[in-house]
Amino acid sequence: MKKEITIEKIMFGPELIELKEAWDTLLENSSRPTIFSSFDFIYTSCAHFKEDEEIFFLLFRDAVSNELMAIFPMSLSVEKCYGIKLRTLAYGITTNGTDVDKPYPIIAAAHEAVCWERLRDYLCKEWTQWDMIDFDEFYTGSYLTQHLKKMFPQPVYWTKLSEGPESPIVKLDGDWEEFWMGHRKLRKNSRKLEKKMGDNLVYKITSDPADVEQCLNDYIATELVSWKAGEFVSNPDSQKFYHDLFPKMAAEKRLFFGMMYDREKVMSVEIAYAFKDRIFFAHGTYDPAYKDVSPGTVNSSRLIEFFHGKGYVEGDYLAGFSGYNNPWASRIEKTADIVIRRMNWKNCYLAIRYLAKKGAGKLFGRKVIQDEAQ
């Protein structure tokens, strides 16, 4: 007998804080536990990066026991294409403009399939005020990814599944010496830095909440003199976000800084998050004055060493900008980008416009470039 599930829609706001304990308890036992789906990360991201989109949360409960089975953070935005307003659903605060990596809803591991089917029924029959769904960096093992065309069949819907960015995953539950001896370049860089810096080299890894403010300020100051200046953690809006988020993460013992100094001068800072048995290597920066001794690479290797033998299984270098870490990876985690269009008059019109333009491009021997949304 199919489980009956009720859905409650809650808008983003301070009242959501009452859900924190139940949220994080569900996440601990979810099908895709990740720091980026934790209450603090999602709530703080919404508070700092929300713009004109409507952000809401769908709470799935067992109709009989009232057990919380899933939480789907969602956003609804309006964008124009060829003058047509499209109502687009996405996952809460998405990857664009934030540091949410590989976003995924919080679903009890035992109920993955039934919750995705219930979401489909809700979006197709009960709440249909959307034209397109856009999920970025999605887990390829997801029930949705594997059953996309069956759940949203043609001709009522049009779906597209394309490759998203990849993440190098480092094994942390193996033998450190075996890993170390298998990477000659890491050993060479480490020896070079240690030889040049001598007794001036100071290194520490800290997760002490009392160190958070100073470490974060040191990170921002170092990033501001690097090629990343103003782009990532040092972006003015991001600085406010991290100053709000990091004390919360440190209190939960989920935040680590790898600090490398030339005596008292900061050479490199690495930031890592911990959640359950996984480490998320989130940010790294170094002072370009020390580029010749590769302080960022050496700092990374020392963090990897630190997390070995402490009960962690894997270290995730996240999606999009970390391919240079592929030589260290035990596996590469792939992601998928998913688009679902309801084939109403809006999307049918847009499809005709696209096909007409594509045909004209072929006729005149020109590459077709789709108009940007106006």
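The values are calculated or read from the model by the stated rules, or taken from the named source; none is laboratory data. Treat the numbers as computed from the prediction; the structure is a model and nothing was measured. Positions of Cβ are generated from backbone atoms using ideal geometry, with glycine treated the same way; all protein chains shown enter the neighbour counts.
In table form, for the structure just shown:
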quantity	calculated
Any hit, the range 156-165, residues being of a type in the set (Val, Ile, Thr), over 29 Å from residue 307 (Cβ atoms) and not in a helix (DSSP H, G or I)	yes
Looking only at the range 213-244, and only at residues there that are charged (D, E, K, R) and in a loop (DSSP other than H, G, I, E, B), the one that is farthest from the chain's Cα centre (by Cα)	228
Members of the range 1-12 found to be closer than 24 Å to residue 111 by Cα and not in a strand (DSSP E or B), listed by number	1, 2, 3, 4
Filter result for residue 75 (crowded, with 18+ Cβ neighbours inside 10 Å and touching a residue at least 60 places away in the same chain (Cβ under 8 Å))	no
Within the range 218-252, tally of residues that are closer than 14 Å to residue 269 by Cβ and either exposed (fewer than 13 other Cβ atoms within 10 Å of the Cβ) or β-branched (Val, Ile, Thr) (or both)	4
Among the residues listed as 80, 160, 149, 102, the single one being modelled with pLDDT under 95 and either surrounded by fewer than 20 Cβ atoms within 10 Å (Cβ to Cβ) or in contact with a Lys or Arg (Cβ under 7 Å, 6 or more places away or on another chain) (or both)	80
Among residues of the range 176-197, those that are outside any helix (DSSP H, G or I) and either free of Cβ contacts under 8 Å to residues at least 24 places away in the same chain or among the aromatic types (Phe, Trp, Tyr) (or both), counted	1
Condition check for residue 15: surrounded by fewer than 15 Cβ atoms within 10 Å (Cβ to Cβ), assigned to a helix (DSSP H, G or I) and at pLDDT below 95	yes
Residues satisfying the stated conditions in the range 45-70, i.e. in contact with a Lys or Arg (Cβ under 7 Å, 6 or more places away or on another chain), modelled with pLDDT of 95 or more and not aliphatic (A, V, I, L, M)	56, 60, 62, 67
Filter result for residue 193 (hydrophobic (A, V, I, L, M, F, W, C) and within 30 Å of residue 340 (Cα to Cα))	no
Selection within the range 38-53 - over 15 Å from residue 90 (Cα atoms) and among the aliphatic types (A, V, I, L, M)	47
Boolean, residue 90 is in the same structural domain as residue 142 (by TED's automatic domain parsing), touching a helix residue (DSSP H, G or I) at 6+ places or on another chain (Cβ under 6 Å), more than 21 Å from residue 254 (Cα to Cα) and crowded, with 21+ Cβ neighbours inside 10 Å	no
Residues (surrounded by 14 or more Cβ atoms within 10 Å (Cβ to Cβ) and of a type in the set (Lys, Arg)) located in the range 304-356	334, 341, 342, 346, 353
Count of residues meeting criterion [free of Cβ contacts under 8 Å to residues at least 60 places away in the same chain and surrounded by 14 or more Cβ atoms within 10 Å (Cβ to Cβ)] in the range 55-66	7
Extreme residue, surrounded by the most Cβ atoms within 10 Å (Cβ to Cβ), among residues of the range 270-299 that are in contact (Cβ under 8 Å) with a residue 24 or more places away in the chain and in contact with an Asp or Glu (Cβ under 6 Å, 6 or more places away or on another chain)	285
